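What follows is a set of notes on a single structure, which appears directly below.
The values are calculated or read from the model by the stated rules, or taken from the named source; none is laboratory data. A quick note: this is a predicted structure, and the numbers were derived from the prediction, not measured. So basically every Cβ, Gly included, is an ideal-geometry build from the backbone, and we count neighbours across all protein chains shown. Surface areas here come from the heavy atoms of the whole protein model, side chains and all, with no ligands, DNA or RNA. Shrake-Rupley method; radii C 1.70, N 1.55, O 1.52, S 1.80 Å.
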Amino acid sequence: MSERTGFAKGKIHDVTVRPLAKYLDERGWLAELFRSDETDPQTMPAMAYLSMTQPGVARGPHEHVDQTDWFCFIGPANFKVYLWDARRDSPTFGIRQTIYAGVDAPLAVIVPPGVVHAYKNIGTVDGIVFNAPNRLYAGEGKKSPVDEIRHEEVEGSPFCLD
Ligand SMILES: Cc1cn([C@H]2C[C@H](O)[C@@H](COP(=O)(O)OP(=O)(O)O[C@H]3O[C@@H](C)C(=O)[C@@H](O)[C@H]3O)O2)c(=O)[nH]c1=O
């Protein structure tokens, strides 16, 4: 156990990390991000969005009650991805995991509800992250509360980025 965070390093149960193959040719490259024939229907994306994060900047830590996030880190920057298992009923409750992903290691990282997550652009150029969550942001017609617990402003939070 780390005294600083209370979380021990390890691998979190039910977090899926998949290499994204880039098919390269004379025009550039193409990469598949998800396929319904390779996806558990429960985590099948309901929507998708892109975000850009500037060098040295982080998004999160956030947590969802019901939503699974399907992040794809493809570039042009690299990211450090931080995960903390805060699910009391998980076999890896109290474990934290870090993953490096992006232009040098294109990965999909699929994060289930209750796993607190954040990512930081550790490169020198703007970084794009694709996310295809299995729930609609703010529900049908954007009429429901957003399923998101934000930890970034919480004083004394155990979910610390370095
Ligand atoms: C996530 C999202 C945001 N928005 C809007 C709300 C706001 O005006 C703007 C920026 O949103 P946020 O501040 O929530 O963006 P951000 O802080 O990047 O939120 C994301 O962070 C990562 C770490 C996650 O875990 C994601 O699930 C999501 O919570 O975009 C949408 O319209 N649709 C969406 O699906």
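Structure values in brief
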read-out: Estimated Rh, the range 9-162: Kirkwood, alpha-carbon pairs, angstrom; value: 16.1 Å
read-out: Those residues of the range 126-147 whose amide nitrogen sits under 17 Å from the label point placed on ASP104, 7 Å along Cα→Cβ; value: 126-128
read-out: Of all accessible heavy-atom area on the chain, the percent that carbon and sulfur account for (1.4 Å); value: 53 percent
read-out: Cα-based reach from LYS120 at 17 Å (exclusive), listing lysines while leaving out same-chain residues under 8 positions away; value: LYS80
read-out: Partners for LYS11 among aspartates and glutamates (Cα-Cα distance below 16 Å; same-chain residues under 8 apart left out); value: ASP85, ASP89
read-out: The range 44-162 - accessible surface per residue (Å², probe 1.4 Å); value: 48 Å²
read-out: Length gained when the stretch VAL65-ASP25 is fully extended (0.36 nm per residue, less Cα-Cα span); value: 10.3 nm
read-out: DSSP bridge orientation in the range 1-140 - percent antiparallel, rounded to nearest 5; value: 95 percent
read-out: Highest to lowest packing among 109-117, 50-58, scored as the average C-beta count within 10 Å; value: 109-117, 50-58
read-out: Separation in nanometres of the label points that stand 7 Å from Cα toward Cβ, at CYS160 and LYS142; value: 3.7 nm
read-out: Difference of contour (0.36 nm per residue) and Cα-Cα distance, ASP40 to ASP89; value: 15.5 nm
